[in-house]
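The values are calculated or read from the model by the stated rules, or taken from the named source; none is laboratory data. Every value quoted in this text rests on a predicted model; they were computed, and no experiment measured them. Heads up, the Cβs are rebuilt from the backbone with ideal geometry, glycines too, and the neighbour counts pull from every protein chain shown. Heavy atoms of the whole protein, side chains included, go into the accessibility calculation; ligands, DNA and RNA do not. Shrake-Rupley method; radii C 1.70, N 1.55, O 1.52, S 1.80 Å.
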Amino acid sequence: MTVTKLISASALVLIGGLAQAGESDTLSVEGQAMTTRVAAQAHTPNLDEVFSGWVFRTDETQALQMDDFENPGFVFVDKGIDLYAKVDGSEGKSCASCHENVEDFAGLRASMPRVVDGDVVSMENMVNDCRTERMGADAWKWSSADMTAITALIGLQSRGMPVNVKFDGDAAAQWQKGKELYYTRVGQLDMSCSNCHEDNYGNMIRADHLSQGQTNGFPTYRLKNAKLNSIHGRFKGCMKNIRATPFKEGGEEFQALELYLASRGNGLTVETPSVRN
Amino acid sequence: MAKGVKPRVKVPKTAAAGDMITIKTLISHKMESGQRKDKDGNKIPRSIINRFTCEFNGQSVIDVTIEPAISTNPYFKFDAVVPETGEFKFTWYDDDGSVYETAKNIAVG
Amino acid sequence: MGLTRRNMMLAGTSAFAVATFCGIPVLASAVDEHIADFTGGADAVAGAIELDAPEIAENGNTVPITVSAPGASSIMILAAGNPVPAVATFNFGPMSAARSGSTRIRLAKTQDVIAVAKMEDGSFQTTQATVKVTIGGCGG
């Protein structure tokens with residue numbers, strides 16, 4: 001507890017120097033207002049307010065997301081558009097052959113991931129199901145350039161819509177599993193997701209301004225690797241930083257965690273493709 | 001040809017004669033700097049876009065000499081004066097000899 | 001006294017100090033060389049040239065900068081602390097308007113970013129900005 005308070009004290013000094021990055025900024029993208037802060041809901045009792053990762057970034061990084069040309073992620077959305085129209089696989093189809101207008105996907109990303117017959121279904125699963133079962137094409141790797149381009153394109157259709165993930169009824173068991181993972185310490189550094197993203201969001205960890213770890217903007221363009229990053233790819237990176245053996249991308253643990261995390265962001269608007277550190 | 005290179009440009013569709021307009025360009029390219037090392041500790045050779053030019057109706061707007069310190073997915077914003085209807089031509093030159101081009105028309109009414 | 005640990009440490013420190021002192025001119029000259037090549041040895045002075053760069057870079061991989069110099073025919077950008085200081089040179093053509101350019105650059109560490117403009121009248125202007133570059137805490 002003392003260590004946390006020490007970090008908080010020095011963090012306040014550092015935050016002052018971080019050019020106005022903070023919880024009070026408002027985001028508007030291409031004239032569309034986004035909800036970047038919203039009251040927490042009953043299922044996240046340890047949070048009063050839910051903040052988008054956008055508010056924790058510097059002015060310059062925030063500005064990159066406010067315009068669809070400044071946003072470097074959009075060159076990958078363009079690639080997604082090309083892929084969407086491209087015929088691939090034994091059946092001679094493209095995504096467009098069945099899903100004529102990608103705009104019809106509006107609302108999908110806002111309610112992902114889903115639970116069907118007890119299994120979490122992520123957007124990547126849906127894409128690969130189509131590819132393997134209806135296009136006769138190979139599945140794409142979970143965090144590959146092709147997959148993130150398509151999930152960015154589909155996610156973009158829900159931009160500005162509030163995240164609304166179902167986590168009760170059929171989804172409750174997986175949600176519980178994800179919640180347990182969120183609060184379980186792992187790795188040589190013996191840290192859980194909550195240690196940083198619930199107990200210390202807004203504080204600095206060395207030179208990083210900690211966010212709440214929300215997923216409403218994924219896949220996200222990270223300045224760090226200059227490309228789109230998937231949700232599971234980000235989980236993997238975080239686990240590596242804690243010196244833990246990461247779970248498998250697309251595996252049960254990350255899917256349960258994805259569901260739980262998505263629910264923590266209920267009420268924020270989808271920002272895909274966001275720009276982050 | 002480097003893999004997956006895709007240009008993206010933003011030019012207003014119309015302008016008044018003599019207007020100054022802002023042009024934004026981006027191209028997806030890894031810009032391998034030549035400083036990184038691979039798993040065995042060997043330096044990964046430099047492979048970047050080394051020059052970017054923009055012309056309007058055959059006349060130069062800007063000609064940028066690019067070094068490895070330009071970020072992945074090189075972005076340039078600059079302006080141009082538009083005297084008449086015409087075409088902006090954008091060209092990127094790759095270390096590996098490839099040349100990437102795109103063009104945008106602008107109508108001056 | 002002989003080779004005590006204390007003596008070794010003192011000797012090491014002085015050697016380091018000397019090396020650093022001699023090191024600074026070596027590093028500076030790479031930048032000076034670029035500038036001398038660009039100006040032909042002429043002086044570059046302060047003027048209307050402006051360089052806009054963040055005080056703290058969120059990530060050294062992608063640092064947005066803008067440089068402008070009304071009346072310039074070209075502007076060269078250098079990163080004094082990078083392994084290779086050259087960043088880019090904007091050469092403005094007849095259809096250029098405001099003689100300014102924005103781009104995104106890589107900075108290896110906290111350093112000065114330097115802009116030198118060659119003016120249409122043959123004179124030279126310069127300005128610089130210090131950008132703090134941090135190593136991330138977690139960042140995956």
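Observations on the structure shown:
- Complete set of residues in region A:179-210 that are assigned to a loop (DSSP other than H, G, I, E, B), under 22 Å from A:VAL55 (Cα atoms) and out of contact with any Asp or Glu (no Cβ under 8 Å at 6 or more places or on another chain): A:GLU198, A:ASP199, A:ASN200, A:TYR201, A:ASN203, A:ARG206, A:ALA207, A:LEU210
- Region B:63-80: number of residues that are small (Gly, Ala, Ser), away from chain A (no Cβ under 14 Å) and in contact with a Ser or Thr (Cβ under 6 Å, 6 or more places away or on another chain): 0
- The set of residues from region B:57-80 being without any contact (Cβ under 8 Å) to a residue 24 or more places away in the chain, in contact with a Lys or Arg (Cβ under 7 Å, 6 or more places away or on another chain) and open to solvent by 40 Å² or more (accessible area, probe 1.4 Å) comprises just one member, B:THR65.
- Tally of residues being open to solvent by less than 70 Å² (accessible area, probe 1.4 Å), outside any strand (DSSP E or B) and either within 17 Å of A:ALA226 (Cβ to Cβ) or aromatic (Phe, Trp, Tyr) (or both) across region B:1-56: 9
- For region A:69-94, the tally of residues that are open to solvent by 20 Å² or more (accessible area, probe 1.4 Å), part of a loop (DSSP other than H, G, I, E, B) and within 14 Å of chain B (Cβ to nearest Cβ) stands at 2.
- Exclusive hit being outside any strand (DSSP E or B), more than 30 Å from A:VAL55 (Cα to Cα) and open to solvent by less than 30 Å² (accessible area, probe 1.4 Å), set C:GLY60, C:GLY81: C:GLY81
- If you go through region A:140-166 and keep only what is under 19 Å from A:VAL120 (Cα atoms) and either touching a Cys at 6+ places or on another chain (Cβ under 7 Å) or open to solvent by 60 Å² or more (accessible area, probe 1.4 Å) (or both), you end up with A:LYS141, A:ASN164, A:LYS166.
- The residues listed here are A:GLY187, A:GLY169; of these, the one that is surrounded by fewer than 17 Cβ atoms within 10 Å (Cβ to Cβ), on the phi > 0 side of the Ramachandran plot and touching a residue at least 40 places away in the same chain (Cβ under 8 Å) is A:GLY187.
- Filter result (among the polar types (S, T, N, Q) and either facing chain B (nearest Cβ under 7 Å) or under 12 Å from B:ILE62 (Cα atoms) (or both)) within region C:73-115: C:SER73, C:SER74, C:ASN82, C:THR89, C:ASN91, C:SER96, C:SER100, C:SER102, C:THR103
- Checking each residue in region A:211-252 for being facing another protein chain (nearest Cβ under 8 Å), open to solvent by less than 30 Å² (accessible area, probe 1.4 Å) and part of a loop (DSSP other than H, G, I, E, B) picks out A:LEU223, A:ALA226.
- Given (1) at negative phi; (2) within 10 Å of another protein chain (Cβ to nearest Cβ), index of the condition B:GLY58 fails: (1)
- Among the residues of region A:95-139, those identified as assigned to a helix (DSSP H, G or I), under 21 Å from A:LEU259 (Cβ atoms) and of a type in the set (A, V, I, L, M) are A:ALA110, A:MET123, A:MET126, A:VAL127.
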